[in-house]
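Structure, as structure tokens:
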Amino acid sequence: MNILVINAGSSSLKYQLISMEDEKVLAKGNCERIGLSDSVFSFQSYKGEKIQEQFDMKNHTEAFNRLTKALLDPEHGVISDVSEISAVGHRAVQGGSRFSKSVIIDDDVIKGIESFIPLAPLHNKANLEGIKACYEVFGKDLPEVAVFDTAFHSTMPPKAYMYPIPYEFYEKYGIRRYGFHGTSHRYVSGRAAEIIGKDISELKLIVCHLGNGSSIAAIDGGKVIDTSMGLTPLDGFMMGTRTGTLDPSVVTFLEEKENLTPEEMNDILNKKSGLLGISGISSDDREVISALKEGNPRAKLAADMLEYEILKFIGSYIVALKGLDAIVLTGGIGENSFIHRRSICKGLEFLGIELDEEANEKMVGGAEGKITKDGSKFDIYIIPTNEELLIARDTKALIE
Ligand code: ADP
């Protein structure tokens, strides 16, 4: 059985075709700059075939047609007929309070995703574009499944997900913490339980997904009890270009002093802040780290702030969990940046965490394992995330 996994953004469409017998990625790629000039289509198969071409795609349907053609290509392709695709799993972002699990898509589910557009305008609209394009190219008989970023966090209790604003705004608009990266937190925590060799129901885990966007989740017995992202993926701690949590007065103060519209303020909070805003160098952690090594003080400040904020979340979640079995790091930074990992471990030494320096420096580029010494009171694991695989597994389970 082959499952096609789709991650549709407003101008992009990432895809993977996964063979579920051995969970092997048969082909993957990206359609970039959809609807813009100079669109780029890329494709890579497990056989090593690669396509990278400038190909104008006016909309998601054209992108779908292009990727289907590549999958079926007699020379580069990996399947010989569309019937070899059993179902399509879509990454969906905001499932609100309604979708606590993955679901088979039907008209009612589409209405549900539409109803949460006000909470995630760009993302949910893009996900719907992907679903619509899929119907147009494959017809309505091919099952489609939606796997929501917010679903894994739906177990949070009200004391964790409510914001202390007038209650009527929760009732009127659904303003609350939803959390994101749920598929990654679920995959990584499940994998951690496998590596530790215990049932997830017995474990208290803190998962730090550190990428361009970052979030931390406290997971007790396989259930999220708190997470750092909130109503939107802006909440939490500093990211590549996002602020994370701020004193809300900073927003009103700046709007007034700089005469900013809500859109301009939104742009500052989402696109000009975080590592980029503080370092003035880049949103990319690798560039910040190399500037830090050259002695750039603002790059050092950005790295210090990031590590300090991560440590504060870990500290508060240990209390929320009333204990800890392990910390798991994932995402581009978690999987690769041993410099940040070293600082985070040093900050936790007083709790009995002992870093294995050699393992830490080796655990990069997709490696999986422990970076703490045997005998460390708690362990820290590096686990590369694989959201696509979890989307494919959910899709398979639902259609079966
Ligand atoms: P996204 O959130 O967009 O999925 P990623 O999880 O790929 O992003 O994370 C991107 C971040 O990870 C960037 O800040 C980048 O510098 C960092 N990163 C990615 N690969 C490496 C690497 N090999 N070494 C160090 N940092 C890396």
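So, of the residues in segment 274-302 that are of a type in the set (D, E, K, R) and either more than 19 Å from PRO233 (Cβ to Cβ) or at pLDDT below 95 (or both), which turns out to be surrounded by the fewest Cβ atoms within 10 Å (Cβ to Cβ)?
Within segment 274-302, the match that is surrounded by the fewest Cβ atoms within 10 Å (Cβ to Cβ) is GLU294.
Between a first residue in segment 7-19 that is under 12 Å from PHE43 (Cβ atoms) and a second residue that is buried (at least 22 other Cβ atoms within 10 Å of the Cβ) and among the acidic types (Asp, Glu), which pairs have beta carbons less than 6 Å apart while being 6 or more apart in sequence or on different chains?
Here the result reads GLN16/GLU388, each pair linking segment 7-19 to a residue that is buried (at least 22 other Cβ atoms within 10 Å of the Cβ) and among the acidic types (Asp, Glu).
Taking interchain pairs and intrachain pairs at least six residues apart, which have beta carbon atoms under 6 angstrom, with the first residue in segment 211-223 and touching a residue at least 60 places away in the same chain (Cβ under 8 Å) and under 18 Å from LEU234 (Cα atoms) and the second more than 10 Å from the ligand (Cβ to nearest atom) and among the polar types (S, T, N, Q)?
What qualifies is ILE216/SER228; ALA217/THR227.
Which numbered condition trips up ASP325, out of (1) without any contact (Cβ under 8 Å) to a residue 60 or more places away in the chain; (2) over 19 Å from MET229 (Cα atoms)?
(1)
In segment 204-219, how many residues are under 19 Å from GLU368 (Cα atoms) and more than 16 Å from the ligand (Cβ to nearest atom)?
2
Search segment 259-287 for residues that are among the acidic types (Asp, Glu) and pair each with any residue that is within 11 Å of the ligand (Cβ to nearest atom) and assigned to a helix (DSSP H, G or I) when their beta-carbon atoms are under 7 Å apart and the residues are at least 6 apart or on different chains.
Qualifying pairs under 7 Å: ASP285/LEU275; ASP285/ILE333.
If you go through segment 134-145 one residue at a time, do you hit one that is in a strand (DSSP E or B) and under 27 Å from TYR46 (Cβ atoms)?
yes
Looking for whichever is under 23 Å from the mean Cα position of the chain (by Cα) and either away from the ligand (no atom under 16 Å from the Cβ) or outside any loop (DSSP other than H, G, I, E, B) (or both) here; the options are VAL319, VAL328. Which one fits?
VAL328
One line per residue, one yes/no per condition, for (1) on the phi > 0 side of the Ramachandran plot; (2) in a loop (DSSP other than H, G, I, E, B); (3) in contact with a Pro (Cβ under 6 Å, 6 or more places away or on another chain); (4) hydroxyl-bearing (Ser, Thr, Tyr):
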site: ILE6; (1), (2), (3), (4): no, no, no, no
site: SER11; (1), (2), (3), (4): no, yes, no, yes
site: ILE18; (1), (2), (3), (4): no, no, no, no
site: LEU26; (1), (2), (3), (4): no, no, no, no
site: LYS47; (1), (2), (3), (4): no, yes, no, no
site: SER83; (1), (2), (3), (4): no, no, no, yes
site: HIS90; (1), (2), (3), (4): no, no, no, no
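The values are calculated or read from the model by the stated rules, or taken from the named source; none is laboratory data. Source: prediction; values computed, not measured. Don't worry about glycine lacking a Cβ; one is built from the backbone with ideal geometry, like all the others, and counts go over all protein chains shown.
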